[in-house]
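Take a look at the structure below.
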Amino acid sequence: MFWAYDQKDIAEYYISYSKLLEYWKAKFKNFIFDANYENIVKSPEPEVKKMLSFCDLNWEPECLNFY
């Protein structure tokens, strides 16, 4: 992964990724859920509840048993 060692290449990759994500979000406005990894790690229960609600699924405490 040669691109991972050059700061300019990393920035270009990130910009490309952001543009691609913007495109899909515009095309499927209510179909893409943005999950923030840090929030999931810090407060898993409310974040998992948000994800389940977005998918129209019911909350069960076992959802936190990721193993």
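The values are calculated or read from the model by the stated rules, or taken from the named source; none is laboratory data. None of these values were measured; they are calculated from a predicted model. Ideal geometry is used to build each Cβ from the backbone, glycine not excepted, and the neighbour counts take in all protein chains shown.
Mind listing whichever residues of the stretch 1-43 are of a type in the set (D, E, K, R) and outside any helix (DSSP H, G or I)? Scanning the stretch 1-43 gives 6, 29, 34. When residues of the stretch 1-39 are filtered for being among the acidic types (Asp, Glu) and either loosely packed, with under 10 Cβ neighbours inside 10 Å or in contact with a Gly (Cβ under 7 Å, 6 or more places away or on another chain) (or both), how many remain? Going through the stretch 1-39 one residue at a time, the tally reaches 2.
Close Cβ contacts (under 7 Å, 6 or more residues apart or on different chains) running from residues in the stretch 42-54 that are loosely packed, with under 12 Cβ neighbours inside 10 Å to residues that are among the basic types (Lys, Arg) are absent. The set of residues in the stretch 19-67 that are polar (S, T, N, Q) and modelled with pLDDT of 95 or more comprises 39, 43, 53, 58.
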